[in-house]
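Below is one structure, written out as structure tokens, with a few remarks after it.
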Amino acid sequence: MEHQLTIYNTLDRKKEVFIPLHAPHVGMYVCGPTVYGDAHLGHARPAITFDLLFRYLTHLGYKVRYVRNITDVGHLEHDADEGEDKIAKKARLEQLEPMEVVQYYQNRYHKAMEALNVLPPSIEPHASGHIIEQIQLVKDILDNGYAYESEGSIYFDVVKYNKDHHYGKLSGRNLDDVLNTTRELDGQNEKHNPADFALWKRAQPEHIMHWPSPWSEGFPGWHCECTAMGKKYLGNHFDIHGGGMDLIFPHHECEIAQSVASQGDDMVHYWMHNNMITINGTKMGKSLGNFITLEEFFQGTHKLLTQAYSPMTIRFFILQAHYRSTVDFSNEALQASEKGLSRLMEAITGLEKIVPSTTSTVEVKTLRAKCYEAMDDDLNSPIVIAHLFDGAKMINNIIAGNDTITAEDLKELKETFHLFCFDLLGLKEENDSNEEREIAFGKVVDMLLEQRMKAKANKDWETSDKIRNELTDLGFEIKDTKEGCEWKLNR
Ligand SMILES: [Zn+2]
């Protein structure tokens with residue numbers, strides 16, 4: 001590969017050259033949604049971040065197997081080891097089957113991702129479809145002595161594990177920090193130590209989703225699914241595991257512990273995490289009333305929104321920040337993104353209008369190289385976008401007649417814009433703007449026909465015929481009616 005892609009590895013806290021274990025194959029696992037509610041801005045960020053990575057790796061010639069799971073069982077309230085399953089609770093409140101809840105929100109998640117032009121992963125496994133694999137993982141950890149049974153549940157023995165290995169190497173925590181921040185009530189009477197976490201839980205009588213196991217009728221702990229499904233589809237060692245920074249602890253820390261305890265070492269080579277989105281400077285939270293779903297953004301129906309924002313505006317807004325920086329949502333910031341995006345799209349449309357000259361007064365050759373350089377630097381999308389804006393200025397100067405470009409340079413410029421804007425950043429022309437344009441064009445036809453009616457009223461047959469004939473030549477069919485006239489465009 002001619003490119004030297006570097007990515008920031010959370011495990012080593014530094015940027016590292018990306019070298020796949022089995023080039024040209026790349027294995028990539030990203031934690032997907034727990035499907036018990038509509039996707040919000042917090043879901044859009046990891047999806048878009050790892051979509052950018054998926055697109056870029058594929059463009060570089062790698063054969064990427066991208067696994068993004070659907071969590072449909074075992075994720076309890078407050079990400080804890082006690083309490084109700086998030087999906088079962090929703091099912092109880094809505095009087096639905098848990099799998100109806102899963103199917104409904106999964107469909108809606110897919111629809112939102114499609115609107116954001118996020119490519120589907122190669123495999124999208126469900127936690128509930130991999131109970132056997134998760135039971136096997138728990139058995140392996142038990143066999144190696146890093147777990148214990150208590151009242152039909154199996155817990156990971158963090159204290160014992162930490163004597164032999166390092167629990168906290170991803171999050172930078174030590175066991176004392178973990179103990180100080182562990183919830184007091186989390187199955188404490190069953191656990192040897194409050195830092196231990198559940199691998200298998202015996203189902204309480206009210207718990208509706210449960211499966212047989214050697215230990216009890218129950219369900220897997222939340223952290224098991226990603227380790228078990230990663231292993232199944234990507235092998236004991238794979239290249240990239242991604243997710244939001246909020247998953248570093250406990251979820252990904254526990255995943256590392258599970259894989260080391262079951263197979264002797266970590267499965268993952270590069271751990272990648274996207275930063276969070278805040279809303280007007282505060283964290284998003286259902287209780288804070290600032291939880292805006294993607295659909296609410298697309299339709300402008302949340303009280304914090306002053307207008308609707310198209311899916312591409314949301315995508316562009318997210319890509320305008322580096323994935324490891326925080327992003328603060330505000331109407332002003334999104335409106336700025338909306339304007340920026342339309343400037344970029346206008347420049348791309350403008351490219352088609354340019355008539356080449358015999359000489360170039362612009363330098364286009366370096367644009368592609370600069371964009372690649374930014375992508376290779378830990379997917380620095382804001383820098384790519386800044387270079388594209390420079391390119392847009394260049395295009396506007398050529399159109400204004402201040403600069404000239406040769407046919408060869410024009411081809412290079414078009415290819416660069418198409419590659420980075422469409423193929424890699426995943427932006428696209430939106431139908432909305434086409435619809436708006438059609439409405440505006442329709443009004444112009446109405447205006448012309450109004451002039452024709454006036455001309456007829458004034459017995460100015462020459463003008464009225466001219467308007468009619470010219471519209472007919474353009475493909476419009478004009479029909480005079482009692483009220484005036486009607487038109488349609490025959491295509
Ligand atoms: Zn996960």
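Counting only residues that are assigned to a loop (DSSP other than H, G, I, E, B) and modelled with pLDDT of 85 or more, which one in the stretch 55-81 is nearest to GLY27 (Cα to Cα)?
TYR62
Of the conditions (1) more than 30 Å from LYS428 (Cβ to Cβ); (2) touching a strand residue (DSSP E or B) at 6+ places or on another chain (Cβ under 7 Å); (3) basic (Lys, Arg); (4) surrounded by fewer than 18 Cβ atoms within 10 Å (Cβ to Cβ), LYS86 clears all except one; give me its number.
(4)
Looking at the stretch 259-287 only, could you name the residues that are buried (at least 21 other Cβ atoms within 10 Å of the Cβ), more than 13 Å from the ligand (Cβ to nearest atom) and over 25 Å from LEU319 (Cβ atoms)?
VAL260, ALA261, SER262
Listed residues LEU413, LEU425; which is surrounded by 20 or more Cβ atoms within 10 Å (Cβ to Cβ) and under 21 Å from the mean Cα position of the chain (by Cα)?
LEU425
Determine, yes or no, whether GLU255 is within 24 Å of the chain's Cα centre (by Cα) and among the acidic types (Asp, Glu).
Judged against the criteria, GLU255 is a match.
Do we have any residue at all in the stretch 24-33 that's over 17 Å from LEU425 (Cβ atoms), of a type in the set (Val, Ile, Thr) and over 22 Å from the mean Cα position of the chain (by Cα)?
no
Right, ILE256: β-branched (Val, Ile, Thr), surrounded by fewer than 23 Cβ atoms within 10 Å (Cβ to Cβ) and either under 16 Å from GLU82 (Cα atoms) or within 13 Å of the ligand (Cβ to nearest atom) (or both) or not?
no
Go through the stretch 1-46 and count every residue that is touching a Ser or Thr at 6+ places or on another chain (Cβ under 9 Å), more than 16 Å from the ligand (Cβ to nearest atom) and within 20 Å of ASN117 (Cα to Cα).
Total satisfying the criteria: 4.
If ASN107 satisfies every condition in (1) under 30 Å from THR313 (Cα atoms); (2) within 16 Å of the ligand (Cβ to nearest atom); (3) surrounded by fewer than 21 Cβ atoms within 10 Å (Cβ to Cβ) but one, which is the exception?
So the condition that ASN107 fails would be (2).
Quick test for you: out of GLU435, GLU462, GLU430, pick the one residue that is at pLDDT below 95 and over 30 Å from GLY340 (Cβ atoms).
GLU462 is the lone residue from the list that is at pLDDT below 95 and over 30 Å from GLY340 (Cβ atoms).
If I ask for residues that are among the polar types (S, T, N, Q) and over 34 Å from the mean Cα position of the chain (by Cα), which ones from the stretch 126-180 would you list?
Scanning the stretch 126-180 gives ASN144, SER150, SER153, ASN162.
Quick one: in the stretch 344-382, of everything that is β-branched (Val, Ile, Thr) and in contact (Cβ under 8 Å) with a residue 24 or more places away in the chain, which residue is farthest from THR49 (Cα to Cα)?
THR358
Output yes when any residue across the stretch 82-92 is within 23 Å of the chain's Cα centre (by Cα) and part of a helix (DSSP H, G or I), and no when none is.
Among the residues of the stretch 82-92, at least one is within 23 Å of the chain's Cα centre (by Cα) and part of a helix (DSSP H, G or I), which makes the answer yes.
Kindly list, by first and then second residue, each pair from a residue in the stretch 169-191 that is over 18 Å from LEU11 (Cβ atoms) to a residue that is of a type in the set (Gly, Ala, Ser) and at pLDDT below 85, limited to pairs with Cβ atoms under 8 Å and residues at least 6 apart or on different chains.
ARG183/ALA80; ASP186/ALA80
If a residue must be more than 27 Å from the chain's Cα centre (by Cα) and farther than 13 Å from GLY168 by Cα, how many such residues does the stretch 258-270 contain?
Of the residues in the stretch 258-270, 5 are more than 27 Å from the chain's Cα centre (by Cα) and farther than 13 Å from GLY168 by Cα.
LEU305 passes all but one of (1) aliphatic (A, V, I, L, M); (2) more than 13 Å from the ligand (Cβ to nearest atom); (3) surrounded by 22 or more Cβ atoms within 10 Å (Cβ to Cβ); which number fails?
All conditions are met except number (3).
Quick one: is VAL364 modelled with pLDDT under 95 and within 17 Å of the chain's Cα centre (by Cα)?
no
Quick one: which residue in ASP157, ASP177, ASP164 is modelled with pLDDT under 95 and farther than 30 Å from TYR66 by Cα?
Answer to the selection: ASP177.
Which of (1) within 13 Å of the ligand (Cβ to nearest atom); (2) in contact with a strand residue (DSSP E or B) (Cβ under 9 Å, 6 or more places away or on another chain) does HIS207 not meet, given it meets every other one?
Result: HIS207 fails condition (1) only.
The values are calculated or read from the model by the stated rules, or taken from the named source; none is laboratory data. None of the values given here were measured: they were computed from a predicted structure. FYI the Cβ positions are ideal-geometry reconstructions off the backbone, even for glycines, and counts take in every protein chain you see.
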